[in-house]
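Remarks on the structure that follows.
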Amino acid sequence: MEKALILSPSLRAKYGAAALKKYDTVCLGDEFCIHKQPSFADLAAVKKLTGKTPVLVSTLLTEPALERWAALLAECAKKEPGAEIVVNDLGLLHFINKKYRGRFRVTLGRLMTYFFDRKKMLAPGSEAGLGLEGERPETWESGIDVTPVDYLKGFLKRYAVGRVETDNEHLLRKYADNTDVKISFHYPLSLMALTRFCPFKGGLTLDCKAPCGERLLKLSSRHLDYPLYSKGNAYFVKNKLVKHPRVDRAVFTPSVNSPGFKMAINEGSIRG
Amino acid sequence: MRITIGVKSSEEAGYFLRNGADEIYFSLSAARGHRTAAFSSEADLIAAIRLARRLRRKTMLALNAVYPRENYPAILDHARRLTDKGLDGVIVRDPALLEYFADHDYRPYLVASVLCACFNSQTMEFYRDLGVRRFTLNSQVMPADAARMMAALPGVETVIFVPCLCLEANIEPYCFFPYPGGPSGACLHACTLRYKCGANAFRMVDTNLYYQADLLYDFHKLGVEWLKVSRQPNTPKLMAEFKVAVFLNRLLERGLGRAAFAASVVELIERLDMNKFGPSYDFKPFPGSAR
């Protein structure tokens, strides 16, 4: 199985060639934050280190962030045709299909696969459900939405999608059992929520130098019977890499534990 | 701005339509939308549509969930029956259902739910190509970005929630925590819990009333057409929220300045103490109702 690493552009200087070459693929960008999207200079720098064109990773895009992606795609179409783009925004997918169909390899990121099929969770403390293997679930995931398979198959074909990504076993099985698309599995963090109200900036910010870095905050509450994790501007639970014959890429998100974190508060936020 | 409010009975519909609502929206419990508050019978729902037509107000059916394929024919029949009775449009989120509607030549006025995650003009264009003509803006879309989105697609209508009544800490549809009133039976919103991070306290970041007031002011200045009050099981609280929406809209229409408007929002919300009505997901009937 191919090993891939998610690399935030702000941290590319931290990783040397040797560290990056431990992985078959570098996925450059961020799936959750508009302030950590790749530039062509980031792409060129990583390519210089690894000798390979990195996979470019997008997130849910605001209008200015989409405009920056449009400029990046224009440059890539000339200098890096065929690059793989992980699309996490329906608008970006629509844009690529209109302007660059066939010029890039399109992967549906985990925000997109969750867009069609949100995961469902049992209530904390619930005794009602059993996990996929009949055991007490660790993260209380009980299923996913029911977007019709024939629609999904048509959608993948219409947008020339070659690969899908997920961090959820139910979604993995849905695509594995019903499509012939390649599948990436993300670990060790499974998405629980996305926000623009970032705990590292104390709220919504229009300009950010990514002080979050790779910091991972472990959160506990007496109301939740599993730990929650905060990384960047998203919340997660832990998951494990699922070994399935159809998963041909394991995507690892690096993190550094940060137990002494004190929340920032900006002028727009009420809590701290 | 015009006010659209979610209702769950013809009794509620009558109250809001006669007190200043320009539009009501709703679901039937058998074909529920994203939220749990819904009409229990189609006959009652049709009575609400008829009343709205008599009062020359609009009605929207919320079909903003993801439904099993086998339910599509029944959902289409339901929507068609209501359209025949005078329904003005349908609130949607699922592109699969939209394509099914188009394939079956059902082309109502369509409104994109907040669950469509329209954060840029290209996503709006995707939905516009499927027939959507009104877009619900997520509260985490900034007014400056919304201005560029709206400029890129002239002619579409936009909706915002009243930020001081409903501004979720996490972005729909990417929040997977169980929620009160949802199918899991959860009794708390994860975004309101107190967490520990090591020895320190941690809360999911939310916004304060000044921020929320500025957001509403800026969206009004931008020309957003619709102000939305979410449906909920707690009718007394819904009535209080409606009054807040009407009052704040009146202040905006009278041209109050930004700072004075923010001060008014803060004073009003703090004085009213909406918590006294209890959680929005607690079922509380229409005052004086037999139910």
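Taking the condition among the basic types (Lys, Arg) and farther than 25 Å from B:Thr158 by Cβ, does B:Arg258 pass?
no
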Would you confirm whether or not the range A:148-162 contains a residue that is of a type in the set (Phe, Trp, Tyr), out of contact with any Lys or Arg (no Cβ under 6 Å at 6 or more places or on another chain) and not in a loop (DSSP other than H, G, I, E, B)? yes
Residue by residue through the range B:234-291, note down the ones that are more than 11 Å from B:Leu165 (Cα to Cα) and small (Gly, Ala, Ser). B:Gly255, B:Gly257, B:Ala259, B:Ala260, B:Ala262, B:Ala263, B:Ser264, B:Gly278, B:Gly288, B:Ser289, B:Ala290
Top-ranked residue of the range B:244-287 - restricted to ones that are of a type in the set (Lys, Arg), over 21 Å from the mean Cα position of the chain (by Cα) and assigned to a helix (DSSP H, G or I), ranked as modelled with the lowest pLDDT: B:Lys276
Kindly indicate whether A:Leu172 is at pLDDT 90 or above and touching a Leu at 6+ places or on another chain (Cβ under 8 Å). no
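Okay, residues lined up against (1) in contact (Cβ under 8 Å) with a residue 40 or more places away in the chain; (2) within 13 Å of chain A (Cβ to nearest Cβ):
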site: B:Ala52; (1), (2): no, no
site: B:Arg56; (1), (2): no, no
site: B:Asn64; (1), (2): yes, yes
site: B:Val90; (1), (2): no, no
site: B:Pro95; (1), (2): no, yes
Tell me which of these A:Arg173 doesn't satisfy, since it passes every other one: (1) touching a strand residue (DSSP E or B) at 6+ places or on another chain (Cβ under 6 Å); (2) closer than 28 Å to A:Phe104 by Cα; (3) not hydroxyl-bearing (Ser, Thr, Tyr). (1)
Report whether or not A:Asp225 is in a loop (DSSP other than H, G, I, E, B), under 25 Å from A:Val149 (Cβ atoms), more than 11 Å from chain B (Cβ to nearest Cβ) and among the acidic types (Asp, Glu). no
Restricting attention to the range A:184-212, which residues are assigned to a strand (DSSP E or B) and crowded, with 21+ Cβ neighbours inside 10 Å? A:Ser184, A:Phe185, A:His186, A:Ser190, A:Leu191, A:Met192, A:Ala193, A:Leu194, A:Cys198, A:Gly203
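Assess whether B:Ser40 counts as being over 27 Å from B:Ile171 (Cα atoms) and at pLDDT below 95.
In short, yes.
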Suppose the filter is surrounded by 19 or more Cβ atoms within 10 Å (Cβ to Cβ), over 22 Å from A:Tyr151 (Cβ atoms) and not basic (Lys, Arg); does B:Leu98 pass it? no
Residue under evaluation A:Ala193, criteria (1) farther than 26 Å from A:Tyr23 by Cβ; (2) over 18 Å from the mean Cα position of the chain (by Cα); (3) among the small types (Gly, Ala, Ser), criterion not met: (2)
Verdict on B:Met142 being within 12 Å of chain A (Cβ to nearest Cβ) and free of Cβ contacts under 8 Å to residues at least 12 places away in the same chain: yes
Hey, among A:Phe95, A:Phe104, which residue is more than 10 Å from chain B (Cβ to nearest Cβ), aromatic (Phe, Trp, Tyr), farther than 30 Å from A:Tyr226 by Cα and under 20 Å from the mean Cα position of the chain (by Cα)? A:Phe104
Tell me whether the range B:150-171 contains one or more residues that are more than 7 Å from chain A (Cβ to nearest Cβ), in contact with a Cys (Cβ under 8 Å, 6 or more places away or on another chain) and farther than 23 Å from B:Pro285 by Cβ. yes
Apart from one, (1) within 14 Å of chain B (Cβ to nearest Cβ); (2) under 20 Å from A:Cys208 (Cβ atoms); (3) touching a strand residue (DSSP E or B) at 6+ places or on another chain (Cβ under 8 Å) all hold for A:Leu72; the odd one out is (1)
Mind listing whichever residues of the range B:127-139 are within 10 Å of chain A (Cβ to nearest Cβ), out of contact with any Pro (no Cβ under 7 Å at 6 or more places or on another chain) and surrounded by 20 or more Cβ atoms within 10 Å (Cβ to Cβ)? B:Tyr127, B:Asn138
If the requirement is being over 20 Å from A:Gly162 (Cβ atoms) and surrounded by 21 or more Cβ atoms within 10 Å (Cβ to Cβ), which of these qualifies: A:Leu28, A:Leu60, A:Leu93? A:Leu60
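The values are calculated or read from the model by the stated rules, or taken from the named source; none is laboratory data. If you're wondering where the values come from, they're calculated on a predicted model, not measured in any experiment. In this analysis, Cβ positions are derived from the backbone assuming ideal geometry, glycine residues included, and neighbour counts consider all displayed protein chains.
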